[in-house]
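Have a look at the structure below, then the notes.
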């Protein structure tokens, strides 16, 4: 059974950043290890104590735009989150086959848009380090709308600012709640990233068609 895309029916391609184009290992390490480490040092507690204090606070904000906001967490934790990201920026890696896929996609003359929940400061850091920005017609951060992509209100808000035909749009993301919201809105072509974090086991993608790498999307792409 083939899951090849009908590229002749696709005009717009929305691509997520973290976990989709970029290895999610950076973000997982940052929030699960590096932030607790620096918070522990600041407060004179053990790393385990820091994790016990911070992880419930993190979980409480999941699904909200503030979860993705470096300014929010800088205020809440009294830490310079942007500076802390730069401390471990060497961990930012592009997934294999992404660059080649983006080059072929650009040559196909389709409109390619980065669509991310990440804060603008994070997008600037990661695009600067990876050089991927040149492959996109537009970079869109959910912070513009103050609602994340998994919120049903995001997609109508996006459509008011960025004209696209949901029936002729492909969206690739590693988050199942985000993909579900896109499906509910009417995005016709959806693909889930099966290995967002290369250091972790593959994830289940439910009833969304999964890709192991972006090479999986190259069939018929001209």
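Just so you know, all these numbers are worked out from the coordinates, no wet-lab data involved. Quick caveat, the model's predicted, so the values are computed rather than measured. A quick note on method: Cβ atoms are made from the backbone with ideal geometry, for glycine too, and the neighbour counts reach across all protein chains shown.
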Roughly what angle does helix 176-185 make with the longest principal axis of the chain, taking Cα atoms, 0 to 90 degrees, to the nearest 10?
-> 40 degrees
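Just order 127-138, 108-119 by mean Cβ neighbour count inside 10 Å, highest at the front, would you? If you can, show how the numbers build up before the last one.
On the way: 127-138: 14.4, 108-119: 19.5.
Per-residue mean Cβ counts within 10 Å order the peptides as 108-119, 127-138.
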Would you mind computing, in nm to one decimal, how far apart the modelled labels at residue 34 and residue 167 are, each placed 7 Å from Cα along Cα→Cβ?
-> 4.5 nm
Please say if segment 84-216 is rounded, prolate or oblate, where rounded means a/c under 1.5 for a ≥ b ≥ c the square roots of the C-alpha gyration tensor eigenvalues, and otherwise the choice is prolate for a/b larger than b/c and oblate otherwise?
-> rounded
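Can you give the extra length, in nm with one decimal, that the chain gains between residue 57 and residue 42 once fully stretched, where that is 0.36 nm per residue apart less the Cα-Cα distance? Write out the running numbers ahead of the final one.
Values: separation 15, 0.36 × 15 = 5.40 nm, distance 1.73 nm.
Residue separation times 0.36 nm, minus the Cα-Cα distance, leaves 3.7 nm.
Stokes-Einstein D for segment 26-90 at 4 °C, 1.567 mPa s, Kirkwood Rh over Cα pairs, in µm²/s?
Numbers: Rh = 11.9 Å.
So the translational diffusion coefficient is about 109 µm²/s.
Helix-only estimate, please: 222 nm mean residue ellipticity of the chain, summing -39500 (n - 2.57) across DSSP H runs of length 4 or more and dividing by its residues, to the nearest 500. Please report the intermediate quantities before stating the final value.
Working: 9 runs with 83 residues, N = 222.
That comes out to -10500 deg cm²/dmol.
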13 Å reach of a label modelled at residue 146, 7 Å along Cα-to-Cβ, counting backbone N of segment 28-65 = 65
Pull out a ≥ b ≥ c, the square roots of the eigenvalues of the alpha-carbon gyration tensor of segment 79-122, then state rounded if a/c is under 1.5, prolate if not and a/b is larger than b/c, and oblate in the remaining case.
-> oblate
Estimated inter-spin distance, residue 111 and residue 64, nm [label 7 Å along Cα→Cβ] | 3.3 nm
Sorted from fewest to most neighbouring beta carbons within 10 Å, what does the list 69, 141 look like?
-> 141, 69
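Take the alpha carbon gyration tensor of segment 11-120, find the square roots of its eigenvalues, order them as a ≥ b ≥ c, and report rounded if a/c is under 1.5; if not, report prolate when a/b exceeds b/c, else oblate. Before the final figure, lay out each step's value.
Values: a/c = 3.03, a/b = 2.22, b/c = 1.37.
Verdict is prolate for segment 11-120.
On average, how much area does the Cα convex hull of the chain cover when viewed from any direction, in nm²?
Values: hull surface 48.2 nm².
Mean projected area for the chain: 12.1 nm², to one decimal.
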Ordering 11-24, 54-67 by per-residue average of other C-beta atoms within 10 angstrom, highest first, gives 11-24, 54-67
So if we plug the beta-carbon distance of residue 90 and residue 137 into 1/(1 + (r/R0)^6) with R0 = 41 Å, what FRET efficiency do we get, rounded to 0.05?
-> 0.90
